[in-house]
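> Right, I'll just put the structure down here and ask away after.
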Amino acid sequence: MAEFRLTSPAFEHDQDLPDRFSADGGNVSPPLAWEGVPDGTTELVLVCDDPDAESGVFTHWIAYGIAGTVRHLPEGVPRDAVIDEPVELMQGLNEFDEAGYTGPTAVDDLDDPPPLPHRYFFRLFAVDQDLGLAPGARRDEIRKASAGHVIGTAELVVIA
């Protein structure tokens, strides 16, 4: 079986995030694709966070309830807690207390900005059971529900 890999047709691993995916640009979620999903995967969970934020790990996007047979997310997933099309999924609350994706923003206007650039980690987790979470879950709830059930992880890092 192929290696579990997460990619995007819009950018390469360890490269700059195009502006349209930033809060200062179009603020749309990027298209993502994956391959090599482990056998036994029931659900996929996507988390995008910034470990370089001054306040600690800062979550920009949580999507879960993605069927193990799905192989991509299109650009511009709506910012609703429940999505029926083009892919069925639920979205959790990010650090902005909003469902869906919120891209990185420039920090030029802050008095004491954190060092730039920041790394943004898109991580896709393959889990062997339905997590049974309601829409609007937070990162800690995802982590707790998936403990002991993650059978694979794929990662894509971008810089902004």
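The values are calculated or read from the model by the stated rules, or taken from the named source; none is laboratory data. Since we're looking at a predicted model, the values are computed, not measured. Because the Cβ atoms are built from the backbone with ideal geometry, glycine has one as well, and the counts that use them run over all protein chains shown. Surface accessibility is based on the protein's heavy atoms, side chains included, excluding ligands, DNA and RNA. Shrake-Rupley method; radii C 1.70, N 1.55, O 1.52, S 1.80 Å.
> Out of region 2-30, which residues are surrounded by 14 or more Cβ atoms within 10 Å (Cβ to Cβ) and aliphatic (A, V, I, L, M)?
Matches in region 2-30: 6, 10, 17, 23, 28.
> Name the residue that is nearest to residue 141 (Cα to Cα), counting only residues in region 43-85 that are open to solvent by 70 Å² or more (accessible area, probe 1.4 Å) and at pLDDT 95 or above.
Only one residue fits best here, namely 82.
> Within region 1-42, work out how many residues are in contact with a Ser or Thr (Cβ under 6 Å, 6 or more places away or on another chain), of a type in the set (Gly, Ala, Ser) and modelled with pLDDT of 95 or more.
The total comes to 1.
> Being at pLDDT 95 or above, open to solvent by less than 70 Å² (accessible area, probe 1.4 Å) and in contact with a strand residue (DSSP E or B) (Cβ under 6 Å, 6 or more places away or on another chain) narrows it down to one residue among 134, 126, 145; which is it? Before you say what the answer is, go through the steps one by one.
Details: 134 fails: in contact with a strand residue (DSSP E or B) (Cβ under 6 Å, 6 or more places away or on another chain); 145 fails: in contact with a strand residue (DSSP E or B) (Cβ under 6 Å, 6 or more places away or on another chain).
Residue meeting the stated conditions: 126.
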